[in-house]
There are 2 protein chains.
Amino acid sequence: MATTSPRPYHHGNLREELLARAEEVVRDGGVGDLSLREIARDIGVSHAAPRRHFPDRQALLDALALRGFERLGDDLRASATRSRGGLEARLVRVAAAYVRFATREAALLELMFVGKHRDGADDLHDAGTAAFQPVVELIASGQAAGELRGTDPSQTGLAMFAAIHGLASLATAGMVAADDLEEAVRTVVAGVLDGLRPR
Amino acid sequence: MATTSPRPYHHGNLREELLARAEEVVRDGGVGDLSLREIARDIGVSHAAPRRHFPDRQALLDALALRGFERLGDDLRASATRSRGGLEARLVRVAAAYVRFATREAALLELMFVGKHRDGADDLHDAGTAAFQPVVELIASGQAAGELRGTDPSQTGLAMFAAIHGLASLATAGMVAADDLEEAVRTVVAGVLDGLRPR
DNA sequence: GTCTCAAAGTAGACGATGTCAACAAAGCTG
DNA sequence: CAGCTTTGTTGACATCGTCTACTTTGAGAC
């Protein structure tokens, strides 16, 4: 039997591997199940090793949230640019992508929107607004084309943002049945959109 | 100096007092800061005493969430019945009450909408839908009066529910400035409502 | 009234965790 | 190759949730 290859003293990629493993644990166990010592064990490193990369547990959680916003932003951007059709169809697709992310990564999303981050959480905040830029841009294009009322896309987009995020939040909380979800997305997007149309 | 009155062996009201103290701790420290041992100390009972009333930590958290839904429901009902004016004005007041609750009890709200509850969490789910009954009823009255489209208030109300909840969630996450909040509530409610009006 | 028993609180232990300080190895730079 | 910084290790500590065994109390049966 081959001896377990003796890992070099310096792992070389610990930070990334910690985050990846932590993401897995959070995905199928929730934030509460995440233990620094456990993921250190899983990777095969001493219990205090993570400390070199994350001063405390919250720092790891914040890093996870940051990653989450980046991935969410990628998802939304992809679905916004890829999808054809009119404004409503595109927004529905983006919203669907958001809800998909939310249901697949429920615990991660929770982590992303929790108020309690460490002090310098401006990067978190920025990452959050950046992730939603695709929605704002869609709204802006609708306003430019005269399809929507208003002139401030970020202000007007807030309603859409809030509705989509709320729907996703309700879905992860189990307050919207999975079967109703797809239709709910259409209803909500269409509803808010209609409310924004010129009178 | 008067000797500290010797608490009776049987506290008599421990469960309630534990919940009350836990609510305080959660309010100004978040869920993570809640320690069974600490609140036991605060109240002046042994560290294992809470176990007689809550088999484990999660049971206490669930009880807190349940209480939260009850209080939220009371708030919404009160603001729904008290407020005069048309449908929109009433809905704006209810939404404002929701956002107020959300910002005041951010950590509690988080607890209420977390997916991870213990197994028999049907009561939690029921309490959640019950809390939002006032909104559904307002929508229903609007539909009955022909002010709104649709016939299924719970289905139609979902958009409103989602938008309000999403806005509150964004507010607690600090993604909506406190100054913009009041206007955002009006915008969101009016937007969704307009989307539900007969065409 | 007293006996009995279940309910409610206490005391002590265990394993696990986050955090810290002191130490060791490895890589980089002069 | 010498020294310094980075990265990982080891051991310790306080705290926590949970479990088991014990004690006190109150309420109902007789």
Worksheet item: So which residues in the stretch A:171-198 are farther than 18 Å from A:Met160 by Cα and more than 20 Å from the chain's Cα centre (by Cα)?
Response: A:Ala177, A:Asp179, A:Asp180
Worksheet item: Which one is farthest from the other protein chains (Cβ to nearest Cβ) among residues in the stretch B:142-199 that are surrounded by fewer than 17 Cβ atoms within 10 Å (Cβ to Cβ) and hydroxyl-bearing (Ser, Thr, Tyr)?
Response: B:Thr151
Worksheet entry | So A:Leu66, is it outside any loop (DSSP other than H, G, I, E, B), surrounded by 17 or more Cβ atoms within 10 Å (Cβ to Cβ), more than 16 Å from DNA strand D (Cβ to nearest atom) and in contact (Cβ under 8 Å) with a residue 60 or more places away in the chain | yes
Fill in: Condition met for B:Arg84 (in a helix (DSSP H, G or I) and surrounded by fewer than 22 Cβ atoms within 10 Å (Cβ to Cβ))
no
Worksheet, complete the sentence: If we keep only residues of the stretch A:23-55 that are within 8 Å of DNA strand C (Cβ to nearest atom) and in contact (Cβ under 8 Å) with a residue 24 or more places away in the chain, then the residue surrounded by the most Cβ atoms within 10 Å (Cβ to Cβ) is A:Pro50
Discussion item. Against the definition (farther than 24 Å from A:Glu182 by Cβ and either within 8 Å of chain A (Cβ to nearest Cβ) or in contact with a strand residue (DSSP E or B) (Cβ under 9 Å, 6 or more places away or on another chain) (or both)), how does B:Thr129 come out, yes or no?
Written reply: no
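Readers should treat all values here as calculations from the given coordinates under stated rules, not as data from a laboratory. Remember, it's a predicted structure, so these values are computed and weren't measured experimentally. Glycine gets a Cβ as well: all are built from the backbone with ideal geometry, and neighbour counts include every protein chain shown.
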